[in-house]
Amino acid sequence: MVAALLTGCGSDGESSDGVTKLTFAASTFGDPGRGPLLTKWLDEFNQSQTKVQVSAAAVPYPTFGQTVLTQMGSGKGPDLVRFDMPEFEAASDAGLVAPLDKLVDVGKYDLLKQPDQFMVHDGVRHGVIFEASNYAMFYNADLIPTPPSTYEQFASTARSLTKGDVFGLAFRQTEAEEAGVWQDIFNYVYGFGGAWSDGKNLTINSPENLKGLQAFKDLYDANVIPRGADAATFRRMFAEGKVGMELNNGGYVTATRGQNAKLNFNVAPIPFPVRKQGAILAPIVINEASEGKDEAATFIKWALEPQNQVKLQEILGASSVATTTQRSAEKLKETPFLTVFDGLTETSLPQIVLGFEAKTPDIRKVVVQNVVAALQGKTDLKSALDRAQQQATELVR
């Protein structure tokens, strides 16, 4: 059973039996497919130790970042945290994350260079990759024998499948799932040649961004998605064969099979004009407020050991982990499309605003509010993006 997230700092130092007890907060502990497996993996660590014990803490994904950041900002919160990139950048910038350089010698491990570069700020390491997961197109192979290879085919397929209680597509579209909406629209922005910034200036209302987000809105307007359904609902619908396609990351493979092991689904690259998509880079960090930093580092070092990396990757599904691992022939036979995800690593980007990394949560809030307003017909999309550009520019000045 996954414990609720504690309101105080997780570490209680040396207990009466000489064991330091820590908490590890990750939204993935609540995943129906991966959560129980991750908890078992954590149990393996605890069974291997006599001086440190780590317990799992879960907070629902939509509120995870804000909940944990608020706790850490008040000098409390869990000892170990699996963050998504926007919150990782904000926490690092605010000094809430402990530098790892003196706690973990990463030179001992064969780290993946592409995602690992984002773990270091100004020469200081603040995290280690827990999961690196590229976005691709999941599709129901019984409903879609041949996957679409262009946006036009993608939209046409979504329309043709939508009838009765079956929808061609699903994505997040409400302010309540702000972080998830940001992840979903990222693929449309970058997949149509856009970007949130040029590295120095925000480019939220660029023509390319407008084109990508118009494609997103066109699908919303076409009523090919279950409007109002949250991610948990429409992912269950996908597992039940009630949704034809979804853009999601590699971690979704295990979760989908956990909901319906018999579902005949497959994966292909997102069929947008530009081969560029988002990636979930999820660092594991140590809370600066933790009284058990050395003990928390013991867990990170254990997690980075080759055999534990292999087990973690198998749990996470089609995701990569911190180090270079070899997928087994057995796994490739079971899941041939693992190579699709692996082939997208060089064109995948973390869902942050380059040059404004620490401000990403603030920029995200402004962008999502304005895009949702356009979806709901409160304003036109161009005006929404112009307003988002103005508001976000004022935020980062």
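The values are calculated or read from the model by the stated rules, or taken from the named source; none is laboratory data. Since this is a predicted model, take the numbers as computed values, not measurements. Glycine also receives a Cβ, built like all others from the backbone with ideal geometry; neighbour counts cover every protein chain displayed. Side chains are part of the model used for accessible areas, which takes the heavy atoms of the whole protein and leaves out ligands, DNA and RNA. Shrake-Rupley method; radii C 1.70, N 1.55, O 1.52, S 1.80 Å.
A count restricted to segment 68-88 and to residues that are at pLDDT 95 or above and farther than 14 Å from Ala296 by Cα stands at 11.
Residues considered: Glu240, Glu246. Of these, the only one that is open to solvent by less than 10 Å² (accessible area, probe 1.4 Å), charged (D, E, K, R) and either out of contact with any helix residue (DSSP H, G or I) (no Cβ under 8 Å at 6 or more places or on another chain) or at pLDDT 95 or above (or both) is Glu246.
Within segment 167-194, restricting attention to residues that are among the hydrophobic types (A, V, I, L, M, F, W, C) and either open to solvent by 30 Å² or more (accessible area, probe 1.4 Å) or part of a loop (DSSP other than H, G, I, E, B) (or both), which residue is modelled with the lowest pLDDT? Per the stated criteria, the residue is Ala176. Checking each residue in segment 356-397 for being part of a loop (DSSP other than H, G, I, E, B) and farther than 15 Å from Ala195 by Cα picks out Gln376, Gly377, Lys378, Thr379, Asp380, Arg397.
Yes or no, residue by residue, for (1) more than 30 Å from Lys262 (Cβ to Cβ); (2) buried (at least 20 other Cβ atoms within 10 Å of the Cβ); (3) at pLDDT below 95:
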position: Glu288; (1), (2), (3): yes, no, no
position: Gln313; (1), (2), (3): no, yes, yes
position: Ala329; (1), (2), (3): no, no, yes
position: Asp342; (1), (2), (3): no, no, yes
position: Gln369; (1), (2), (3): yes, no, no
position: Thr379; (1), (2), (3): yes, no, no
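Where helices (runs of 4 or more DSSP H) fall entirely within segment 49-132, those with at least 1 residues that are without any contact (Cβ under 8 Å) to a residue 24 or more places away in the chain and of a type outside the set (Phe, Trp, Tyr) are at 61-73, 113-116. Filtering segment 301-309 for residues that are modelled with pLDDT of 95 or more, outside any helix (DSSP H, G or I) and either touching a Pro at 6+ places or on another chain (Cβ under 7 Å) or open to solvent by 60 Å² or more (accessible area, probe 1.4 Å) (or both) leaves a non-empty set.
Here Glu295, Glu346, Glu330, Glu314 are screened, and the one residue that is part of a helix (DSSP H, G or I) and within 17 Å of Gly278 (Cα to Cα) is Glu346. Listed conditions (1) touching a Ser or Thr at 6+ places or on another chain (Cβ under 9 Å); (2) outside any helix (DSSP H, G or I); (3) closer than 15 Å to Gly278 by Cβ are all met by Phe341, apart from (2). On the basis of being closer than 17 Å to Ala297 by Cβ and touching a helix residue (DSSP H, G or I) at 6+ places or on another chain (Cβ under 9 Å), does Ile129 make the cut? Criteria met by Ile129.
Return the residues of segment 229-269 that are assigned to a helix (DSSP H, G or I), among the charged types (D, E, K, R) and farther than 20 Å from Leu161 by Cα; say none if nothing qualifies. Within segment 229-269, just Arg257 meets the criteria.
Look at (1) under 15 Å from Leu213 (Cα atoms); (2) touching a Leu at 6+ places or on another chain (Cβ under 8 Å) and you find that Asn134 fails only one, number (1).
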